[in-house]
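Student: One structure follows; several queries about it will come next.
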Amino acid sequence: MDFSRIGRWHRASLPRRTVAIVLGAAIAIAADADDAPGFDRPGIGFATNPLHAGQFAYEQGLPDWSRQRGAGVTSDLYAYDSLLRLGLGGGTELQLGGTPYNRLRQTGQPAVNGRGDTTLGLKWVPVNGDIWSWGLLGTAEFTDGAAAFRNDHPAYTLGLDVTQQTGSRVSFGYYAQWQHSGSRDSQQLAPSVGYQFDPQVSGYAEASFEHDAGQGFGSAAGAGLAWQPLANLQFDGWFRHRLGGHAPIWEAGIGVAMFFGR
């Protein structure tokens, strides 16, 4: 599972305010937007402005979709990716991720539904400055999902994300990831550029270059938008398209993310 971000470069110049969010229930939240955490979706990588101690975030795909094609068979996967994040302080987060519901449709076969594997992660951001920020995210993905969506082996991933803020609107991201699963290792590099259109709307473009010991090389490029009507609430939309190799032909999604606490 890739943990993602776009809000990582957000330090929006909104005033301190107390707001009420109604999503099933009304919860009063005070948020200082000048020091607001970033969200880990959308995009490849993760936010390098972490949650503060005691803050809690919930991020949900509604859904995320990918398409593969090979040997005359087209596969469409709809995944409702969920991510729970808890701020521990000192730039550290505990994360729990998974896909509670997946739907796979393949040419000539009935659709298959089921739960995906569970992922446990720990993020550490030692540097979160005005220009440079960087962090590490280590995850372990288990094989506890439904048979159609379960990995053959547990997957262990270490990601490094570096953010460079070049001005009030433009930022650059540099993401590198190593993953080990069974006897296979894979590596991924994903540069990106982000632009803040206004305090509530931002966009990004990114590219991905990856190598898998079993499948070889793959590359893709895409873009996305994020809208934050409140400092602690975000809606997003994104897409990626294969450039070459074993990457999915298309990927896209919409989602929502929110955090709670001061």
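Student: Applying the selection to the stretch 143-188, what residues are aliphatic (A, V, I, L, M) and surrounded by fewer than 19 Cβ atoms within 10 Å (Cβ to Cβ)?
Tutor: Selection gives Ala146, Ala147, Ala148, Leu158, Leu160, Val162, Val170, Ala176.
Student: Looking at this structure, is Ser13 modelled with pLDDT under 95, touching a Pro at 6+ places or on another chain (Cβ under 7 Å) and closer than 15 Å to Trp238 by Cβ?
Tutor: Here the answer is no, as Ser13 does not meet what is asked.
Student: Still on this model: How about the stretch 39-136: which strands (runs of 3 or more DSSP E) wholly inside it have at least 3 residues that are of a type in the set (D, E, K, R)? Break it down into steps so the answer makes sense when it comes.
Tutor: Values: elements: 56-70, 73-79, 82-89, 92-98, 102-106, 112-114, 118-128.
Passing ranges, in order: 56-70.
Student: Quick one: count up the residues across the stretch 71-92 that are over 23 Å from Phe149 (Cα atoms) and loosely packed, with under 14 Cβ neighbours inside 10 Å.
Tutor: Residues meeting the conditions: 2.
Student: Right, here's the next one. Could you look through the stretch 206-238, keep only residues that are among the hydrophobic types (A, V, I, L, M, F, W, C), buried (at least 18 other Cβ atoms within 10 Å of the Cβ) and over 18 Å from Gly61 (Cβ atoms), and pick out the one that is modelled with the highest pLDDT?
Tutor: For the stretch 206-238, the residue satisfying everything is Phe209.
Student: Only residues that are without any contact (Cβ under 8 Å) to a residue 40 or more places away in the chain and of a type in the set (Ser, Thr, Tyr): list them for the stretch 63-110, please.
Tutor: Matches in the stretch 63-110: Thr74, Ser75, Tyr78, Tyr80, Ser82, Tyr101, Thr107.
Student: Being at pLDDT below 95, closer than 21 Å to Leu83 by Cα and not hydrophobic (A, V, I, L, M, F, W, C) narrows it down to one of Arg262, Arg184, so name that one.
Tutor: Only one candidate qualifies: Arg262.
Student: Can you confirm whether Leu51 is closer than 26 Å to Leu230 by Cα and surrounded by fewer than 22 Cβ atoms within 10 Å (Cβ to Cβ)?
Tutor: So Leu51 does not fit the description; no.
Student: Quick one: would you say Gln60 is more than 24 Å from Trp227 (Cα to Cα), surrounded by fewer than 20 Cβ atoms within 10 Å (Cβ to Cβ), touching a residue at least 60 places away in the same chain (Cβ under 8 Å) and not charged (D, E, K, R)?
Tutor: For Gln60, the condition - more than 24 Å from Trp227 (Cα to Cα), surrounded by fewer than 20 Cβ atoms within 10 Å (Cβ to Cβ), touching a residue at least 60 places away in the same chain (Cβ under 8 Å) and not charged (D, E, K, R) - is not met.
Student: What are the residues in the stretch 35-77 that are of a type in the set (Gly, Ala, Ser) and more than 13 Å from the chain's Cα centre (by Cα), if any?
Tutor: Ala36, Ala53, Gly54, Ser66, Gly70, Ala71, Gly72, Ser75, listed by residue number.
Student: Does any residue of the stretch 125-139 turn out to be of a type in the set (Asp, Glu) and crowded, with 18+ Cβ neighbours inside 10 Å? Walk me through it before giving the result.
Tutor: At the first step, the residues of the stretch 125-139 found to be of a type in the set (Asp, Glu) are 130.
Filter again for crowded, with 18+ Cβ neighbours inside 10 Å, leaving none.
So far as the stretch 125-139 goes, no, none of its residues is of a type in the set (Asp, Glu) and crowded, with 18+ Cβ neighbours inside 10 Å.
Student: Something else about it: Name the pairs whose Cβ atoms lie under 6 Å apart, with the first residue in the stretch 173-189 and in contact (Cβ under 8 Å) with a residue 24 or more places away in the chain, the second surrounded by fewer than 18 Cβ atoms within 10 Å (Cβ to Cβ) and not in a strand (DSSP E or B), and 6 or more positions between them or separate chains?
Tutor: Close Cβ pairs satisfying both conditions: Ser181/His153; Gly182/His153; Arg184/Ala213; Arg184/Gly214; Asp185/Ala213.
Student: Given the conditions (1) surrounded by fewer than 16 Cβ atoms within 10 Å (Cβ to Cβ); (2) touching a residue at least 40 places away in the same chain (Cβ under 8 Å); (3) among the basic types (Lys, Arg), which single one is not true for Arg41?
Tutor: (1)
The values are calculated or read from the model by the stated rules, or taken from the named source; none is laboratory data. What you are looking at is a predicted structure, and each value in this text was computed from that prediction instead of being measured. Virtual Cβ from ideal backbone geometry, glycine too; neighbours counted across all protein chains shown.
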